[in-house]
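Participant: First, the structure itself, so that you have it in front of you.
The values are calculated or read from the model by the stated rules, or taken from the named source; none is laboratory data. Since the structure is predicted, the reported quantities are computational estimates derived from the model, not experimental observations. No Cβ is skipped: glycine too gets one built from the backbone with ideal geometry, and neighbour counts run over all protein chains shown.
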Amino acid sequence: MVYKGTVLSPGIAIGKAYLLKRAVQKVHRRSILPNEVKNELARFRKAVDDTRKEMLLVEDQVKKALSSKKSGIFAGYRLFLEDKMLINETETLIKDQRVNAEFAFSMQLNKIISEFKKIKNDYLKERARDVSELGRRVMSNLMDIDDKVLWEDIPPDSVLVAYNITPADTTHMKSNSIRAFVTDTGGKTSHTAIVARALEIPAVSALKNFSAIAEAGQDIIVDGENGIVITDPDEETVMNYKRERKRYQDEQHSLQKLMDMPAASSDGTVFGMEANIEIAEEIGTALAHGAEGIGLYRSEYMFINSETPPGEEEQHAQYKTVCEKMLPYPVIIRTIDLGADKLADAVKLPPEQNPMMGLRSIRLCFRMPELFKTQIRALLRASAAGNLKIMIPMITNASEMKKVKIIIGEVKRDLAKEGLPFNDRIQVGAMIEVPAAAVAADLIAEEADFLSIGTNDLIQYTFAADRMNENVDYVYDQGNPAIMRIIKYVIEAAHNKQKPVSLCGEMASDPAFTKILMGLGLDTFSMSAIAIPKIKKIIRTTSVREAKEFAAKFVAGSCSQ
Ligand code: PEP
Ligand code: MG
């Protein structure tokens, strides 16, 4: 049988299915007497405390497994264990409704998870899974269920099949020679996926009820290139996949060799290779894949993940750490791009008819000057510690850039008066993701130190097709000549003003567009780190001369992707 799912981590594995089953946690409501409340609260607090200790151990294991590359991704778990909504509200339910701790906790947990699930943002949806994994652990401690996996008992070379795999499980896999895993749940931005990619364990998810269908010991192929899982494959399929696995391994080997080589075309033009990150902890992966800078740090994720806006000190510490870790490479931090699909409890937005075209990104920052100035202060202060550049999202016209520079100038004067150090010559760039900005790119380039094309939004606004609405997917056409012409125009307009151009939308990581973008004269590609080696390889085997001819056909519309 062939099943189609989502790629969590690339690679190809062939092995025997091992079904990882966890104990079912059935929760019953039990009324308690007033004199039992104290004991119930104590039981609950102990379970939370035990879970906190367990999580510290897990964090330690992950750090060791990843050689401290991603040490911070568990901070979120710990925060949930201190979360008022989860902990205090459960205690209130125990006290007020006089119910057992298991029932109160599961009620509160389900409430939070369903709130998370309503959010239209993949990264935050994944946090629902984090909360539910934590909940499972607290519940196991409360109910005294021992559902620890006995890793030594799993035959080596197995393919693990489970409803859900935790990041901690993933760290055990490498040392236990587990070849791959398949889950019913989980997305690309889950911590499990991040750890699996860092450890290079192939994984595919979202096979709905696969863990219920799969049989222990059956032959299984995990194709982490195409998100495919095959059970009981015939001999020919196994042979084909063995060949494919060899090809993949050889390719990885040769890509690894490219790590320290420049992204230079066969006729000698060097392109910038930078990484996009959402959280500071991704720096390790970025460096491990040969990123020579951060081309887009989506700073809004710091806001999305907290109840109140992070203050100047908290932001400064984060930005400084990222810059220091990336030295001597540049770090482009984008000011908050909140609004539309990226919502944060920390920043209250007015209800709007059409938020995609409403008060979002820089527009919101102009409306909330204190919020913006706090971020600019934190960024400027961090610029003293590294090679930091500021990037402004959703710029629509040149006057907005002028206004941004006036605000930055004001903040600089304040910092100077206070005697705080910053880089007075800090570069400030504009994202080109609104068609009007693209058409007036020459005017914006005059006001900006660099431009970065955000194709994800640029395409949706050019075609008036919501990037998240599958009903209009067919209109959201990346390779359309309209987009090719816009990109060409923006690059030329910026170059005429001697300003560099990068591209940080998903198109930068799509091998189908590498040659075209080279031919259009792009300076820097910025993408999710894992895609860097693949794109670099294409660049190194292509000449700019041939890329130009190739790109011209797409601009003319005589070829399409
Ligand atoms: C883009 O729009 O291309 C972009 C990089 O920004 P985001 O995906 O964060 O909107
Ligand atoms: Mg965008």
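Participant: Only one of these conditions is not met by LEU380: (1) more than 22 Å from SER526 (Cα to Cα); (2) within 16 Å of ligand 2 (Cβ to nearest atom). Which number is it?
Facilitator: Exception for LEU380: condition (2).
Participant: Kindly list, by first and then second residue, each pair from a residue in the stretch 81-101 that is within 15 Å of GLU40 (Cβ to Cβ) to a residue that is part of a helix (DSSP H, G or I) and among the hydroxyl-bearing types (Ser, Thr, Tyr), limited to pairs with Cβ atoms under 7 Å and residues at least 6 apart or on different chains.
Facilitator: Short answer, once both residue conditions are applied: none.
Condition check ((1) away from ligand 2 (no atom under 15 Å from the Cβ); (2) in contact (Cβ under 8 Å) with a residue 24 or more places away in the chain; (3) more than 24 Å from the chain's Cα centre (by Cα)) across all residues:
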site: LEU443; (1), (2), (3): yes, yes, yes
site: GLY454; (1), (2), (3): no, yes, no
site: GLN460; (1), (2), (3): no, yes, no
site: ALA465; (1), (2), (3): no, no, no
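Participant: Return the residues of the stretch 1-55 that are assigned to a loop (DSSP other than H, G, I, E, B) and under 33 Å from the mean Cα position of the chain (by Cα); say none if nothing qualifies.
Facilitator: MET1, GLY5, PRO10, GLY11, LYS21, ARG22, ALA23, VAL24, GLN25
Participant: Take the conditions free of Cβ contacts under 8 Å to residues at least 60 places away in the same chain, part of a loop (DSSP other than H, G, I, E, B) and away from ligand 2 (no atom under 16 Å from the Cβ) and apply them to PRO309. Does it pass?
Facilitator: no
Participant: Failed condition for GLY272, given (1) within 16 Å of ligand 1 (Cβ to nearest atom); (2) small (Gly, Ala, Ser); (3) touching a helix residue (DSSP H, G or I) at 6+ places or on another chain (Cβ under 8 Å), with all others met?
Facilitator: (3)
Participant: Looking at the stretch 287-306, which of the residues that are more than 16 Å from ligand 2 (Cβ to nearest atom) and over 17 Å from ALA531 (Cβ atoms) is modelled with the lowest pLDDT?
Facilitator: Here the answer is ASN305.
Participant: Among the residues of the stretch 481-532, how many are farther than 24 Å from SER266 by Cα, within 16 Å of ligand 2 (Cβ to nearest atom) and assigned to a helix (DSSP H, G or I)?
Facilitator: Number of matching residues: 4.
Participant: Another question, then. Taking into account only those residues within the stretch 289-306 that are of a type in the set (Ser, Thr, Tyr) and assigned to a loop (DSSP other than H, G, I, E, B), which is surrounded by the most Cβ atoms within 10 Å (Cβ to Cβ)?
Facilitator: SER299
Participant: Now, a different point. Please work out which one of (1) surrounded by fewer than 20 Cβ atoms within 10 Å (Cβ to Cβ); (2) away from ligand 2 (no atom under 15 Å from the Cβ); (3) free of Cβ contacts under 8 Å to residues at least 60 places away in the same chain is the condition MET401 fails and give its number.
Facilitator: Going through the list (1) surrounded by fewer than 20 Cβ atoms within 10 Å (Cβ to Cβ); (2) away from ligand 2 (no atom under 15 Å from the Cβ); (3) free of Cβ contacts under 8 Å to residues at least 60 places away in the same chain, MET401 breaks only (1).
Participant: Sticking with this one: Identify all residues within the stretch 442-452 that are of a type outside the set (Ser, Thr, Tyr) and within 15 Å of ligand 1 (Cβ to nearest atom); write none if there are none.
Facilitator: Across the stretch 442-452, the qualifying residues are PHE450, LEU451.
Participant: Now for a separate question. Answer with yes or no whether ASP473 is more than 24 Å from ASP523 (Cα to Cα) and within 16 Å of ligand 1 (Cβ to nearest atom).
Facilitator: No; evaluated as a whole, the condition is false for this residue.
Participant: Restricting to the stretch 346-373, count the residues that are assigned to a loop (DSSP other than H, G, I, E, B), away from ligand 1 (no atom under 15 Å from the Cβ) and surrounded by 13 or more Cβ atoms within 10 Å (Cβ to Cβ).
Facilitator: 5
Participant: Given the residues THR455, THR462, THR514, which is the only one that is of a type in the set (Ser, Thr, Tyr), buried (at least 16 other Cβ atoms within 10 Å of the Cβ) and more than 16 Å from ligand 1 (Cβ to nearest atom)?
Facilitator: Result: THR514 is the single residue among THR455, THR462, THR514 that is of a type in the set (Ser, Thr, Tyr), buried (at least 16 other Cβ atoms within 10 Å of the Cβ) and more than 16 Å from ligand 1 (Cβ to nearest atom).
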